[in-house]
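The values are calculated or read from the model by the stated rules, or taken from the named source; none is laboratory data. Computed from a predicted structure; not experimentally measured. Cβ atoms come from the backbone with ideal geometry, glycine included; neighbour counts cover every protein chain shown.
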Amino acid sequence: MNPEPPYSHGTRPRIGVLLINLGTPAAPTAAAVRAYLREFLSDPRVIEIPRLLWGPILHLFVLTTRPGASARRYAQIWMSEGSPLRVHTERQLLLLRAHLGERAPHLPLVVDYAMRYGAPSIPEKLSELKAQHCNRIVLVPLYPQYSASATASVFDAAFASLQDLRNQPSVRTVRSFHDHPGYIAALARSMRDYWARNRRPDVLLMSFHGVPRATLDKGDPYHCECQATGRLLAEALGLRAEQYRVTFQSRFGAAEWLKPYTADTLEELGKSRVGRVDVVCPGFVSDCLETLEEIAIEGKSVFLNSGGREFHYVPSLNERDDWVRTLAEIVTSNLLGWSDSATHETLEKSRLRALQMGAKA
């Protein structure tokens, strides 16, 4: 077990809030993408193939052929401050700190973020929270819909890190928020704001990240939660069934994934001469490679080249105030019961008692 960080009796305990997103390469280069993909695709939650079979495929084929092409895709959407996913996550963190300071000024909160793959890592940030005397921690994966390959993988990494601790903190987890009223309302307001500036489309396509079809058959609730989000958003916008579609993107490998596929649907709509399609991605709270390149660039090309006339990508929630307020609400609801009763006087009495009993600090 790892040694505990230095501790002084009478120190006020804190509550850690750790936002966790998927992760990103450190740079839009083949070397950085290769390191990122190696970690990502080595996760047994992501690739449910026996290691003896998958290992040679990953190292001899995937990591020798994909990094260069993926790096070029990242380069198309890279921001001056860095990866869009990381930039938006850091901005959300700063805004969330301010909102939590307003909502729970009495709580000694330490709010930070980590990435499941890449940096800053979950073990690194949990160690920092421990060093800041956080004896209670809330893990907040920024995945609206639960899936074993994303949400459960975050919890695996966090709990594996905690296994090395002698003095473990209390831990709470946010499983999902796919049907949270504030989340649905923020999505709906975002759409209305966009349409107020750009008019409404003929069809709204709600594209979610795909997972293998086999995961649904094995009981993963991801597909159901995506469908629920799509239905609730459509209801909030007053859309009829023919005015929207729920689809899935980001296929990998030869196996069947959740259908209908986003690319195939865009091609079908283009060939049907649908005038305008808008695409929103309610499974991503921050714009990233999957939204900015796969949808806004590749998806647009598929639709227009198939005969469609007008394509719009509607940005993710990113730093919208209504979304960050909802995130603050989600966090504070998971802090219930974790009140802070420590005062300077009680902490000082505790320190003096410990010193009288032989404590060194």
Val314 vs (1) in contact (Cβ under 8 Å) with a residue 60 or more places away in the chain; (2) within 17 Å of Leu22 (Cβ to Cβ): all pass except (2)
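Residues checked against (1) surrounded by fewer than 22 Cβ atoms within 10 Å (Cβ to Cβ); (2) over 26 Å from Val314 (Cα atoms); (3) modelled with pLDDT of 95 or more:
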{"position": "Asp112", "(1), (2), (3)": "yes, yes, yes"}
{"position": "Pro120", "(1), (2), (3)": "yes, yes, yes"}
{"position": "Leu126", "(1), (2), (3)": "no, yes, yes"}
{"position": "Pro144", "(1), (2), (3)": "no, no, yes"}
{"position": "Val171", "(1), (2), (3)": "yes, yes, yes"}
{"position": "Tyr183", "(1), (2), (3)": "no, no, yes"}
{"position": "Tyr194", "(1), (2), (3)": "yes, no, yes"}
{"position": "Asn198", "(1), (2), (3)": "yes, no, yes"}
{"position": "Phe208", "(1), (2), (3)": "no, no, yes"}
Got at least one residue in the range 165-172 being of a type in the set (A, V, I, L, M) and assigned to a strand (DSSP E or B)?
yes
What single numbered condition from (1) assigned to a loop (DSSP other than H, G, I, E, B); (2) acidic (Asp, Glu); (3) modelled with pLDDT of 95 or more fails to hold for Asp340?
(3)
Within the range 136-172, residues being of a type outside the set (Lys, Arg) and within 19 Å of Glu124 (Cβ to Cβ) number 23
Tell me whether the range 258-271 contains one or more residues that are in contact with a Ser or Thr (Cβ under 6 Å, 6 or more places away or on another chain), in a helix (DSSP H, G or I) and among the acidic types (Asp, Glu).
yes
Considering every residue within the range 273-295, establish whether at least one is in a helix (DSSP H, G or I), more than 24 Å from Ala196 (Cα to Cα) and free of Cβ contacts under 8 Å to residues at least 40 places away in the same chain.
no
Just to verify a result, which residue in the range 228-252, among those that are aromatic (Phe, Trp, Tyr) and not in a loop (DSSP other than H, G, I, E, B), is surrounded by the most Cβ atoms within 10 Å (Cβ to Cβ)?
Phe248
Could you list, in sequence order, the residues of the range 86-102 that are over 16 Å from Arg320 (Cβ atoms) and either of a type outside the set (Asp, Glu) or in contact with a strand residue (DSSP E or B) (Cβ under 7 Å, 6 or more places away or on another chain) (or both)?
Arg86, Arg97, Leu100, Gly101
Find the residue count for the range 68-111, including only residues that are outside any helix (DSSP H, G or I) and out of contact with any Asp or Glu (no Cβ under 7 Å at 6 or more places or on another chain).
11
For the range 176-197, what are the residues that are more than 18 Å from Ile295 (Cα to Cα), in a helix (DSSP H, G or I) and not charged (D, E, K, R)?
Pro181, Gly182, Tyr183, Ile184, Ala185, Ala186, Ala188, Trp195, Ala196
Mind listing whichever residues of the range 131-158 are within 22 Å of Ser333 (Cα to Cα) and part of a helix (DSSP H, G or I)?
Thr151, Ala152, Val154, Phe155, Ala158
